[in-house]
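Here is the structure we will look at.
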Amino acid sequence: MVAGGGSAPDVILATEGLAIEFKGFRAVDGVSLRVKRGTIHALIGPNGAGKTTCFNLLTKFLTPTEGTITYKGRDITRMKPADVARLGLVRSFQISAVFPHLTACENVRIALQKKRGDSFDFWRSERVLSALDEEALRLLDAVGLAGFAELPAAELSYGRKRALEIATTLALDPEMLLLDEPMAGMGREDVDRIAALIRSVAKDRTILMVEHNLSVVASLSDFITVLARGKVLAEGDYATVSKDPRVIEAYIGVGHG
Amino acid sequence: MADGAVAASDVGATEFALRERRDTGALHRAIFIGLAGLLLVAPFLAYPVFLMKVLCFALFALAFNLLLGYGGLLSFGHAAYFGMASYVSAYTAKHWGMTPELAILLGVAVAALLGTAFGALAIRRQGIYFAMITLALAQMVYFFSLQTPRFTGGEDGIQAVPRGKLFGLLSLADDRILYYVVAAIFFGGLLLIYRIIHSPFGQVCKAIRDNEPRAISLGYRANQYKLAVFVLSASLAGLAGATKAIVFQLASLTDVHWTMSGEVVLMTLVGGMGTVFGPIAGALVIVAMQNYLAHLGAWVTIIQGVIFVVCVLVFREGIVGVIAKRVKQPL
Ligand SMILES: Nc1ncnc2c1ncn2[C@@H]1O[C@H](COP(=O)(O)OP(=O)(O)O)[C@@H](O)[C@H]1O
Ligand SMILES: [Mg+2]
């Protein structure tokens, strides 16, 4: 199916009038997004604007009441979440999502395993997985977790759990990443490291990210969509968006509320 | 810098953990060897029939724990697979003259089919709803068993099941010979479960148990894995039930009754849910108690109830769970 502008070759992900209603409350209300291939696209907006809900819609954890989602020219509006991930559209979660009883290394390996297909091989020894250790350690190193490989994820600090989640997401080598506040709760040093990492992985991928740290947004993103009360408030590069009086008002207005 | 010091000590902890991981493998190997040795000499130390009962229930509890401890799925209806396999193996051994290994295999096959059908229905729901559906389906099996006396023998059960000859060659009439066959089945089942837990598949199951949405977001179709682990668990529960029918030459309504489902929950919790060896310890404790306190009659049930409550309240990790904590090693 070809849906509107979503079919343009440089647009990897597009939504058309996306909306979801929770008991009469429209958390996302007619959002039309165009994410260009190979860019870092930031989704910003005050708390409760509907950013996470948008991600849930895009990755099919929620089903929209209205609108369509097109990924790589394909209508994915009615797809199941695991199948969307298989198409290379992979998300991270705002609330850190790790596998607490698995070690950091095992967390990453779960994703590396997926790249090789399904794992219904219950008869095979874990030695098959040890072959993935090296790559897992390399990914952990990239997010500054080299020293924590054998620690259960539950024992990692909040910031390190976030880093682990990013390493796990990257392990899938997805074509497009959806990162929901990847740097929330991280220290200054880690923020810089993750920002550098995002920039480096973005070279051959598309990234849509929610981020509150505006200096990170300013330095990383090619394009910004501002969401407020479930609607797109403004769009453009950082210079354009940051000067928009409606954006300034939305941020200040909520800051006082 | 304070930060650096923290990081350094964390790295120290990781090296420690790395050493532990290697130790864990060696420790488990040692336990397996010790267990094999114990299984070999046990019939010279205790009654073979008692031991076989322990082994059948231990295998049942191991199968249940595979689902609960590693799949994160609490089934309240595992008696269905245990009991139905028990009926099938008893029936085919008695009325079709099957050799014991074929009777047991048929029992396992039926448990696997039942597990596939019931699992497919149950995994659509989460948590307590999952548990209720498994219980309801198991009750259906119970009433089916009650209503089909031509197959199950009704209230009498299927009695005087011949133990037969293994592969048509080796007579199992002698308790001690049968014991070694049962010990081999148990040990094989234990090794298989150990392998499953540590396989790439087991790894994904643990991930789904820990955080299902995250596993889905990585592209795993969680329900397929849940169903697979459900079927494996049901099949192994069937292996335990089918073997039990040959050992005691009896399959009865007790095997499909909900109290049987409750007992396996109890054994697993007492031994330590989510530990590799816990269910064995749990089965040993419960079966021993039932045997040695049998003269107390209904009091056994009450004592079991008390143990259950104590376990849930103060002893949450179970016997092996507590030991594992002491020695700081997963067991
Ligand atoms: N499952 C849900 N049911 C009801 N309301 C929800 C649900 N999920 C989100 N909301 C509401 O939708 C709004 C947007 O939430 P969210 O997308 O999490 O905002 P953001 O991520 O931009 O801070 C909030 O008001 C929130 O309370
Ligand atoms: Mg959010």
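The values are calculated or read from the model by the stated rules, or taken from the named source; none is laboratory data. As the structure is a prediction and not an experimental result, all values here were calculated from the model. Glycine gets a Cβ as well: all are built from the backbone with ideal geometry, and neighbour counts include every protein chain shown. Ligands, DNA and RNA are excluded from the accessible area calculation, which covers all protein heavy atoms including side chains. Shrake-Rupley method; radii C 1.70, N 1.55, O 1.52, S 1.80 Å.
A few remarks follow.
- Residue order for B:309, A:35 - accessible surface, 1.4 angstrom probe, largest first: B:309, A:35
- Region B:34-145 - percent of accessible surface contributed by carbon and sulfur, probe 1.4 Å: 77
- Buried area at the B-A interface (accessible, heavy atoms, 1.4 Å probe, summed, Å²): 3500
- Proportion of all alpha-carbon pairs of region A:62-138 beyond 22 Å (%): 41
- Entries in A:115/B:206; A:36/A:115; A:60/A:231; A:80/B:226; A:115/B:328 that, when Cα-Cα distance is taken, lie over 27 Å: A:115/B:328
- Principal-axis analysis of the Cα atoms of chain A puts helix A:133-142 at an angle of about 40° to the longest axis.
- Computed from backbone phi, the HN-Hα couplings of region A:170-179 come to 5, 4, 6, 6, x, 6, 9, 10, 10, 10 Hz, rounded to whole numbers (Karplus: 6.51 cos²θ - 1.76 cosθ + 1.60, θ = phi - 60°; Gly and Pro given as x).
- Partner chain coverage, peptide A:73-83 - average Cβ within 10 angstrom: 2
- Peptides ranked, highest mean first, by Cβ atoms within 10 Å: ranges A:88-96, B:26-34, A:241-249: A:88-96, A:241-249, B:26-34
- Straight-line cross-link partners of residue B:325 among the aspartates and glutamates, defined as a Cα under 16 Å from its Cα and at least 8 positions apart when in the same chain: A:155, B:20, B:23, B:317.
- Protection proxy ranking of B:288-296, B:94-102 - average other beta-carbon atoms within 10 Å, highest first: B:94-102, B:288-296
- Annotation: residue B:167 carries an accessible surface of approximately 140 Å², with a 1.4 Å probe and no ligand, DNA or RNA atoms counted.
- Potential lengthening between residue A:229 and residue A:175 on full extension [0.36 nm per residue; Cα-Cα distance subtracted]: 16.5 nm
- Mean shadow area of region A:97-171 over all directions, Cα convex hull, nm²: 4.6
- C-alpha center-to-center spacing [region B:54-109, region A:85-102] in angstrom: 37
- For residue B:145, neighbours were defined as the other residues whose beta-carbon sits under 13 Å from its Cβ, and their charges (Lys and Arg +1, Asp and Glu -1) total -2.
- Rounded to two decimals, the Cα radius of gyration of the protein assembly as shown over 2.2 N^0.38 Å is 1.13.
- Neighbourhood charge, 10 Å Cβ-Cβ cut-off, centred on residue A:10 and excluding it, Lys, Arg +1 and Asp, Glu -1: +3
- Each stretch of four or more DSSP H residues adds -39500 (n - 2.57); spread over every residue of chain B, this sum gives -25000 deg cm²/dmol at 222 nm.
- Alpha-carbon centroid distance for the pair region A:200-220 / region B:157-230, whole angstrom: 47
- Rounded tilt (10° steps) of B:258-271 against the dominant C-alpha axis of chain B: 40
- When a 1.4 Å probe is rolled over the protein heavy atoms, the share of accessible surface on chain A that falls to carbon and sulfur comes to 54 percent.
- Angle in degrees between helix B:299-314 and the longest Cα principal axis of chain B, rounded to the nearest 10: 10
- Cβ neighbours within 10 Å from other chains - mean over A:168-181: 1
- Residue-normalised accessible area of region B:48-257, expressed per residue, 1.4 Å probe, Å²: 35
- Placed amide H near residue A:233: partners under 5 Å, 5+ positions off or other chain: A:226, A:227, A:228
- Each other residue within a Cβ distance under 9 Å of residue A:224 adds +1 if Lys or Arg and -1 if Asp or Glu, for a net charge of -3.
- Shielding by partners - mean other protein chain Cβ count within 10 Å, residues of A:108-119: 5
- Segments B:136-144, A:186-194, B:71-79, B:235-243 sorted - mean Cβ within 10 Å per residue, highest first: B:235-243, B:71-79, B:136-144, A:186-194
- Relative pair counts by distance (%), Cα atoms of region B:144-244, 10 Å bins: 13, 28, 25, 21, 12, 1
- Per residue, the accessible area of region A:152-257 comes to 45 Å², computed with a 1.4 Å probe over protein heavy atoms only.
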